[in-house]
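Worksheet for the structure shown next.
Only the coordinates and a few stated rules stand behind these numbers; no lab work does. The structure displayed is predicted, hence computed values, not measured ones. Cβ placement follows ideal geometry from the backbone for every residue including glycine, while neighbour counts extend to all protein chains displayed.
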Amino acid sequence: MKNTVVVGAQFGDEGKAKITDLLAHQADFIIRYQGGSNAGHTVVVNDKKYKFHLIPSGILYPNKTCFMGAGVVICPEDFKKEVDEIISQGVSFDQIRKSLRISPLAHITMPYHRAIDGWCEADLGEKKIGTTKKGIGPTYTDKYNRCGIRVEDLFDENLLSDKLDIILPMKNKELQYVYGLKTYTKEEILKICKEYKEIFTPYVCFNWQEIIADAKKNKTVLFEGAQGVMLDIDYGTYPYVTSSNPVAGGAAVGGSMGPLAIQEVIGVFKAYTTRVGEGPFITELNDETGKAIQQIGIEYGVTTGRARRCGWFDAVFAKYSVLVGGLSAAAITKLDVFDSFDEIKLCTGYKNKKTCEIIKQYPTKVATHYNYEPVYERFKGWKTDISQIKKYEDLPEAAKVYLNKLEEILEIPIKIISVGPNRDQTIFK
Ligand code: GDP
Ligand code: IMO
Ligand code: MG
């Protein structure tokens with residue numbers, strides 16, 4: 001396998017973790033490169049379901065290195081909970097300790113980051129982003145404002161103390177006067193940081209430069225993205241986005257290996273579209289069909305439990321996603337969800353509701369999205385159970401027609417088709 005990035009190509013929850021877990025089999029080194037515990041990644045092995053938020057989805061294999069890179073932000077409490085949960089599901093602590101490495105450069109989500117996230121969402125009222133309230137935006141804000149706390153800071157008490165003398169007075173002013181939230185004494189933060197240090201001690205990787213250099217030279221590397229291109233801070237439906245770069249470029253930065261280490265970028269698309277949280281969604285279906293997709297696809301958020309909004313595949317933004325996401329191949333997941341459908345629609349253009357003009361190029365000015373309605377091409381359903389099919393040739397003709405059209409529009413090859421949540425419900429094309 002080439003060094004591959006797995007990128008969510010829509011609004012997240014495309015089934016990236018299933019694809020990562022599948023490809024991890026052929027990789028030695030799996031790197032999560034951005035995002036935090038806002039992600040909810042499901043891997044199903046022999047009908048047993050594992051949910052990951054921070055830990056790379058390759059952790060179920062022994063003898064692989066799973067690395068949480070510099071681009072990731074980590075809430076220590078969530079991390080601890082996740083480790084405990086997967087141990088309770090039968091993955092040994094020993095395996096996790098041997099496999100998992102955390103970059104000292106990763107930033108920490110502090111309790112005040114979560115508090116600020118919750119406050120901002122409440123304050124925005126109906127105009128809220130619909131965040132996961134995991135403190136992601138405020139953590140990245142501090143990172144880019146150069147007042148964040150990194151994993152390595154926890155391991156140097158003197159340095160941490162000096163750092164807190166600079167950042168804490170500023171943070172407390174912000175917490176008190178902007179938000180009216182709880183402020184912190186230096187002693188309180190030092191105590192919290194001591195607990196965090198204990199949580200990270202088995203995993204922090206101070207010799208990461210050696211390990212990354214070795215992986216770059218001698219190992220097959222899989223980069224695991226969280227969220228999706230349309231939630232990317234630069235390219236997504238801003239401001240209804242997350243605060244990091246899920247695009248493949250994000251892997252070059254957050255994965256610590258640079259762009260030349262990447263040889264393939266697999267964009268994961270659902271056969272339809274879903275979105276959690278607020279923001280425009282041109283092909284959204286607020287009808288029985290939308291409900292059917294939601295129910296058959298079991299479309300509920302892994303992190304927040306919120307029902308996902310559902311709609312047809314939007315090829316206008318998907319083409320944009322191929323471009324800015326840097327995709328070289330596609331994986332199409334959840335094709336089986338359409339097994340009982342008479343008809344499937346595919347959005348190939350946006351029609352301006354006032355002028356009736358049809359556009360094919362994705363409009364980045366998100367406020368204008370409400371002026372458009374989707375233009376659909378219709379496809380016949382296959383009305384048969386495809387969930388046990390293992391070979392592309394065995395797919396019904398109608399499914400192939402739909403996939404061929406997707407491939408023609410996206411202009412990249414579809415290399416993987418997923419027809420169920422389990423590892424073995426996968427077709428390699
Ligand atoms: P991620 O965030 O991109 O990793 O995706 P999530 O785990 O949030 O959501 C994808 C959901 O779809 C999970 O419940 C998966 O188990 C499930 N899933 C993945 N691929 C397929 C598929 O091909 N068919 C069906 N029916 N479910 C799938
Ligand atoms: P995975 O990796 C789907 C969405 C939130 C909200 C917006 C901003 O499982 O695909 P944030 O908490 O990041 O500040 O929220 O982004 N969001 C996701 N939607 N899947 C995810 O991750 C998401 N992570 C964040 O719902 O709309
Ligand atoms: Mg998810």
Self-check item: Antiparallel DSSP beta bridges within the chain, as percent of all bridges there, nearest 5
Solution: 40 percent
Practice problem: Putting +1 on Lys and Arg Cβ atoms and -1 on Asp and Glu Cβ atoms, find which of Gln263, Thr4, Gly420 reaches farthest to the positive end of the dipole of the chain. | Solution: Gln263
Quiz prompt | Ordering of 47-56, 380-389 by packing [mean C-beta count within 10 Å, highest first] | solution = 47-56, 380-389
Exercise. Distance check, please: which entries in Lys51/Lys383; Lys143/Lys191; Lys49/Lys405 exceed 28 angstrom between their Cα atoms?
Key: Lys51/Lys383; Lys49/Lys405
Quiz item: Which value, in debye to the nearest 20, gives the size of the charge dipole of the range 1-47 about its Cα centre, when Lys and Arg are +1 and Asp and Glu are -1 at the Cβ?
Solution: 160 debye
Self-check item: Kirkwood Rh (inverse of mean 1/r, distinct Cα pairs), the chain, angstrom
Solution: 22.2 Å
Quiz item: With respect to the cross-link table entries Lys80/Lys429; Lys2/Lys270; Lys48/Lys334; Lys98/Lys429, which display a Cα-Cα separation exceeding 27 Å?
Solution: Lys80/Lys429; Lys98/Lys429
Quiz item: How large is the charge dipole for the range 1-81, taken about the Cα centre, if only the Cβ atoms of Lys, Arg (+1) and Asp, Glu (-1) carry charge, to the nearest 20 debye?
Solution: 120 debye
Self-check item: Rg/Rg_globular for the range 29-82, with Rg_globular taken as 2.2 N^0.38 Å and Rg from C-alpha atoms
Solution: 1.11
Practice problem: Could you run the Debye sum over the Cα atoms of the range 151-232, one equal point scatterer each and no solvent, and tell me log10 of I(q)/I(0) at q = 0.11, 0.17, 0.19, 0.24 Å⁻¹, two decimals? | Solution: -0.54, -0.90, -0.94, -1.06
Quiz item: Say R0 is 45 Å: what FRET efficiency, to the nearest 0.05, do Lys353 and Lys383 get from their beta-carbon distance?
Solution: 0.85
Practice problem: Please give every one of the aspartates and glutamates within straight-line cross-link reach of Lys163, meaning a C-alpha to C-alpha distance under 15 Å, and leave out same-chain neighbours fewer than 8 residues apart. | Solution: Asp142, Glu152, Asp153, Glu187, Glu188
Quiz prompt | Modelled FRET efficiency - R0 35 Å, Gln176 with Lys128, Cβ distances, 0.05 increments | solution = 0.90
Practice problem: Mind running the shape call on the range 227-336? Use the C-alpha gyration tensor, a ≥ b ≥ c as the square roots of the eigenvalues: rounded below 1.5 for a/c, prolate if a/b tops b/c, oblate otherwise. | Solution: prolate
